[in-house]
Amino acid sequence: MFDSRLRVWDDRLVAVDTPNKEPGEHLRPELPADHPLNDGRTGNSALIRAAEGRSVPHTPVWFMRQAGRSLPEYRKLREGHSMLDTCFNTDLTVEITMQPVRRHGVDAAIFFSDIVVPIKAIGIDVEIQPGVGPVIAQPFRSAADVARLRDLEPDDVATVMAAVTALTEQLGTTPLIGFAGAPFTVASYLVEGRPSRDHVHTKALMLSDPDTWNLLLGRIADICGTFLQYQLEAGASAIQLFDSWAGALSARDYERAVLPHSRKVFEAVAKYETPRIHFGVGTSELLALMQSAGANVMGVDFRLPLNEAIKRLNHPSPLQGNLDPAVLFANWSAVSTSVLRVLGEAEGLPGHIFNLGHGVPPDTDPDVLSRVVDLVHSETVR
């Protein structure tokens, strides 16, 4: 029996057919029929419910960088494999993504990858150097350099997408979050040639040669938007766009030179009607602008309380965050107090996904993360 319900999504009133689904849950016609959001596996999970502003059985939890260096099983598996080689290895990607789900009991898996993977996939000479980060052999400084960025094709990331599909089979009712780097952050690596504290070459290009700048970010937006589309069609139930370095910008420069390109990425995936999370570091002054790019869940870093963050948005939306990662190194009394504070600051939000206000530090005790998950779940059972 099919019944037609009305739902609101991105301020649009839409009629959808929902076979045997709870109120608020709906089909995503642009995704395959056997997609986890359409076949009943993840559409009613705590994470998806929270991201869509529906009631939840408990506050969902996942951690940025949960699949990574804090886990001894990860470090053992990575022996003899470079970061990017690992990202293109289907079996390794699947295992690494699954490790924190098994260990911590988190409510979502974050796809193990890196923001430079789509750039590497189209032939750009980039390596992730231990202790440094992404290093570009030939930095991008001119329009001729931008011409080196071709379209991303399915064959470029075939092994990566095979991992997404395999993961959705193993994860069952646990959603997989796909991700990509936002145009500004990816551009900052391409222009600087490596991680930078002040982004002088990036800002100089942005201010001195806006035509080349917009050409560069427009090409990156196309590539990253395609990468996210591939992940969603392969089985990811949500996506997150990371703008790690956007906090280095003024609101004026962000709105003028960056926002249109981030919006282009979100426009590429809006048709799938999945949760779209937007996160940046040090972006408290940019939250309303970042929201206008097209996310329906805003990630908040640890510098701004959630109950203050919601006031800065153009319109209410679910929030993700935002325990200070450094708190994980304190004694358990301090950790638990801080977790409960975040939960208290989330009271009354349209939806809340518990996370850190940045990624898991590499020396974090994994047992502390597991205890945080247990605490959040136990304190928020409805």
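The values are calculated or read from the model by the stated rules, or taken from the named source; none is laboratory data. Because the structure is predicted, anything quoted here is derived from the model rather than measured. All Cβ positions, glycine included, derive from the backbone under ideal geometry; neighbour counts span all protein chains shown.
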In the stretch 198-241, residue surrounded by the most Cβ atoms within 10 Å (Cβ to Cβ) [restricted to those that are aliphatic (A, V, I, L, M) and under 21 Å from TRP62 (Cβ atoms)]: ALA236
How about the stretch 69-85: which of its residues are more than 19 Å from the chain's Cα centre (by Cα), touching a residue at least 24 places away in the same chain (Cβ under 8 Å) and under 23 Å from ALA121 (Cβ atoms)? TYR74, SER82
Any helices (runs of 4 or more DSSP H) falling wholly within the stretch 284-382 and containing at least 2 residues that are at pLDDT 95 or above, of a type in the set (Val, Ile, Thr) and surrounded by 15 or more Cβ atoms within 10 Å (Cβ to Cβ): 332-345, 366-379
Do the conditions hold for ASP151, that is, is it among the acidic types (Asp, Glu), under 17 Å from LYS120 (Cβ atoms) and in a helix (DSSP H, G or I)? no
I'd like the full set of residues that are surrounded by 21 or more Cβ atoms within 10 Å (Cβ to Cβ) and either aliphatic (A, V, I, L, M) or within 18 Å of PRO72 (Cβ to Cβ) (or both), limited to the stretch 100-114. PRO100, VAL101, HIS104, VAL106, ALA108, ALA109, ILE110, PHE112
Residue check, SER250 against (1) surrounded by fewer than 24 Cβ atoms within 10 Å (Cβ to Cβ); (2) out of contact with any Lys or Arg (no Cβ under 9 Å at 6 or more places or on another chain); (3) in contact (Cβ under 8 Å) with a residue 12 or more places away in the chain, all met but one. Which one? (3)
From the list LEU217, LEU286, exactly one residue is on the phi < 0 side of the Ramachandran plot and touching a His at 6+ places or on another chain (Cβ under 9 Å). Which is it? LEU217
Starting from residues that are not basic (Lys, Arg) and not in a helix (DSSP H, G or I), keep the ones in the stretch 257-277 and report whichever is nearest to the chain's Cα centre (by Cα). ILE277
